Amino acid sequence: MNKIIAMVRKELIDAARDKRSVMAGLYYAIGTPLIMCGLFMVLIGQLTSPDDLKITIKNPDKAPDLVRFLSNKGITQGAADGSDAKDLKAIELIISTDYAAQMNQGKSAEITIVADNSEEKLQNSIRRLEKQLQAYSAEMGSLRLIARGIDPRVVQPLKVNVQDKATTDSKGGMILGIAIFTMIYSVFISGMNLAIDTSAGERERNSLALLLSHPLTTRQLVLSKIIAVSLFALLGLVLILLVSKIAYAFVPWQELGFSVNITTEFMALMLVVGIPVALMAACLQLFVSFMAKTFKEAQSYLTMVLFVPLALSMAASYNIAPDMLQWLPVSGQQQALMDFIKGKDLPMLQLLVSTLGTLAIAVLLAFGMERSLKSEKVIFGL
């Protein structure tokens, strides 16, 4: 046990010396919550107080009431050669020349929206314009019915009332689902550089063979490296939890009608769930790095290999996966955490099965590493 502790200390001291590469993963844990909060603040500002939408309107004199209605809703006519040319959207609203005559006769008047729906930056603006045009059409339809002595409610046989049972915290759980994904990702990314450096890096420096020549068993060497990488992974998780707790408090979630609270209970559960995930991440990264022949090769392999657990986590975040994923490693833990923050009962069986699966993968990879380090091809990168 003393040898393992000494080896862990050695790995951590080496990591502290190479701050630029090894600490890069920890910078992710600090920077990601800050960037996300900044993006959320900008998004909330756009949703709660959208800027005026300036479009090109042809034949506005044919429908002054429609133009006035749109203007009251923040949709105004812009000029391509005016001072607001830079804010003018590539959206054209064409009002037919017989618009007034058709409206006076109680017929359907034709208007056309000309825009590029494939351009993502225009899609929200197009939907906003369509929504207001539909509102105006519904208003004009009601006025026509009233003019004929007909109650507008006649054409609405159903009045649907929706009772939302969601609490402010459960609504905030949708946002925290994305946050949990970044937290799990930090477990994988925080210790990755250390895992590569302490395996493929040591082999390139010819220090791996020197370590194995000491009175140290292969199992002790493997365990010490797993513990060191896991500690770095958990350090990244602790950092992202602390920064998130502080940063998310500054976002005005109440303007959207929900709250996002990273409670002490959630942080404690996240740490407990994060331990087996950190062990699996450490074993996976070390195993792949030992199999690679060079430092750069290990980086390339890990970029591809880590896509699998992260894809599982992302699928659980956006609820785009089948129910069986709730029993798998990573995605099962994430799903359980999302249920917890939404105020639901913690699915203990699901969490237990996914955690045991995570630990089983970690143990298999650890045994694989122990066996591979008895091969000269792996030790010397032949």
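Read-outs throughout are calculated quantities, based only on the coordinates presented, and are distinct from any laboratory measurement. What you see is a predicted model; the values in this text were computed from it and never measured. All Cβ positions, even for glycine, are placed from backbone atoms using ideal geometry, and neighbour counts span all protein chains on display.
Summing Cβ point charges (Lys, Arg +1; Asp, Glu -1) relative to the Cα centre of the chain gives a dipole of roughly 840 debye. Exposure here means at most 11 other Cβ atoms within 10 Å; with trypsin sites (Lys or Arg not before Pro) in a DSSP loop as sites, the longest stretch of the chain lacking them is 206-373. Among Val260, Val243, Val363, the order by Cβ neighbours within 10 angstrom, fewest to most, reads Val363, Val243, Val260. Close amide H partners of Ile57, meaning residues 5 or more places away or on another chain with modelled amide H under 5 Å apart, are Gly78, Leu93. The helix-only estimate of mean residue ellipticity at 222 nm for the chain, built from DSSP H runs of length n ≥ 4 each weighted as -39500 (n - 2.57), is -21000 deg cm²/dmol after division by the residue total. Looking only at Ser289, Ser137, Ser186, which one moves most when the chain is put into a Gaussian network model with springs between Cα atoms under 10 Å? Most flexible of the set in this elastic network: Ser137. Restricting the calculation to Cα atoms, every distinct pair contributes to the Kirkwood radius of the chain, found to be 25.3 Å. Among Leu346, Leu53, Leu235, the residue with the largest mean-square fluctuation in a Gaussian network model of the chain, with springs joining Cα atoms closer than 10 Å, is Leu53. Once divided by 2.2 N^0.38 Å, the Cα radius of gyration of region 50-155 becomes 1.17.
Put in order of Cβ neighbour count within 10 Å, fewest first, the listed residues Asp151, Asp323, Asp98 become Asp323, Asp151, Asp98.
Between Glu110 and Ser259, the FRET efficiency estimated from the beta carbon spacing at R0 = 51 angstrom works out to 0.65. For Ala138 and Leu364, the difference between the fully extended length at 0.36 nm per residue and the C-alpha to C-alpha distance is 74.9 nm. Taking the Cα centre of region 50-155 as origin, sum charge times position over the Cβ atoms of Lys and Arg (+1) and Asp and Glu (-1), and report the length of that vector in debye to the nearest 20. It comes to approximately 400 debye.
Using r as the Cβ-Cβ distance of Ile13 and Ser372, and R0 as 22 Å, what FRET efficiency do you calculate, to the nearest 0.05? It comes to 0.30. Pairs exceeding 27 Å between alpha-carbon atoms, taken from Lys296/Lys374; Lys58/Lys159; Lys73/Lys245; Lys121/Lys165: Lys58/Lys159; Lys73/Lys245; Lys121/Lys165. Simple rule: put +1 on each Lys or Arg Cβ and -1 on each Asp or Glu Cβ in region 50-155, find the dipole, and look at Gly141, Ala100, Leu53; the Cα lying farthest toward the positive end is Gly141.
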